[in-house]
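The values are calculated or read from the model by the stated rules, or taken from the named source; none is laboratory data. Bear in mind that the values here come from a model prediction, so they are computed numbers and not experimental data. Glycine gets a Cβ as well: all are built from the backbone with ideal geometry, and neighbour counts include every protein chain shown. Ligands, DNA and RNA are excluded from the accessible area calculation, which covers all protein heavy atoms including side chains. Shrake-Rupley method; radii C 1.70, N 1.55, O 1.52, S 1.80 Å.
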Amino acid sequence: MMTCKEVLESLSEFVDEDLKADVVQAMHQHIGVCSECRAEFDTLTMTIKLYRHYETPQMPAPCHDRLVKVLELEKMKKKAGQSSSGSEG
Amino acid sequence: MVEERAVRDESDEALVQRAQRDDERAFGELVHRYESKVYSLALKMLRNPEDAEDVLQDTFLRAYRGIKSFQGNSTFSTWIYRITANSALMRLRKRQLPTVSIDDADEREVPINIADWAPGPVEQMLSQETQTAMAEAIESLPVEFRQVFVLRDLEELSNAEVAEILDLSVAAVKSRLHRARLKIRNRLATHFAEQPKPRRAMGAQP
């Protein structure tokens, strides 16, 4: 049987299903009988669900327009640099 | 028109090669494909729209200037995420006060006898107050934790991808993610402990 310390250390990987089958089985066994580790598992799982539910706003259209302008300016600088170095060389 | 469609159908790799030969249209298509993702990543890391826009512009300026030196050892998406993460990190470091090294921090992450507030449905738990508590919890993360947390848990990239973007080992990514999750969970646990009946926070009649 795994100890509480071992379970807590592996909890994140357990949530991500990133553990070997025998460890997963041992985790399930422990959580099935240990209410404190069960609470740790439940609350960590719910935390992940909660923040994945929390949506990020989309990029506003003016951000795209300003980015295009910034890149256009950079292209002009590059071309100006190329033509001046070309005329010098 | 036909040419525009051809550019839209190209792979990232082909577009990068064309952009490296000064094909502006190819670089424009890469911007089109990744600008929303870059902005979203920056906003999740910085939680400030103006800073996110600065990172967006900084990222594509750096990409434009550096496209010829991009070797193709990683994918373009990994490369652009790496530039984004570094740019956001620099802004976060400027904004946050100096803290102890996260690797040296001897902090208890796991509360003892945490109340099990989790079994309710997500929709009932996700009140405005919970969202605020979560935003504050994310903002309180040390920058190195926040980078990993955003890429891994919000962008849902793999551990290997996050490791490549941040130039960390997979073990370090897992460790930082674990601690970031616990820090956020602990803040939420405090939040729910302060609520009289958290599972009835929304939609329930008194």
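Measuring with a 1.4 Å probe in the full set of protein chains, what accessible area per residue, in whole Å², belongs to chain A?
62 Å²
Summing both sides, how much accessible area is buried between A and B? Use a 1.4 Å probe and give Å² to the nearest 100.
By this definition, chains A and B bury close to 4000 Å².
Which of the cysteines in chain A are isolated, no other cysteine C-beta under 4.7 Å?
If one checks each Cβ against the other cysteines of chain A, A:C4, A:C63 turn up with nothing under 4.7 Å.
What is chain A's relative contact order, in percent, from Cα pairs under 8 angstrom and six or more apart in sequence?
Averaging sequence separation for qualifying contacts and normalising by length gives 24 percent for chain A.
Can you give me the % of accessible surface on the protein assembly as shown that is carbon or sulfur? Probe 1.4 Å, all protein chains present, nothing else counted.
On the protein assembly as shown, the fraction of accessible area on carbon and sulfur atoms equals 50 percent.
Loop-only check: which GluC sites (Glu not before Pro) in region A:36-89 are DSSP coil with at most 13 other Cβ within 10 angstrom?
A:E55
Working from Cα positions, state the angle (0 to 90°, nearest 10) between the long axis of helix A:35-53 and the longest principal axis of chain A.
For A:35-53 against chain A, the angle is about 20 degrees.
Report, ordered by chain and residue number, the lysines lying within cross-link reach of B:K68, taken as a straight Cα distance under 21 Å and ignoring same-chain residues fewer than 8 apart.
A:K75, A:K77, A:K78, A:K79
Can you list the residues in region B:138-186 whose accessible area drops by at least 50 Å² when all protein chains are present, compared with the chain alone? Use a 1.4 Å probe, heavy atoms only.
Hits at the 50 Å² cut-off: B:K174, B:H178, B:R181, B:R185.
Please compute the per residue accessible area over region B:116-189 with all protein chains in place, 1.4 Å probe, rounded to a whole number of Å².
35 Å²
Would you mind checking the tilt of helix A:21-33 against the longest principal axis of the Cα atoms of chain A, expressed as 0 to 90 degrees and rounded to 10?
Long axis of A:21-33 versus the principal axis of chain A: about 60 degrees.
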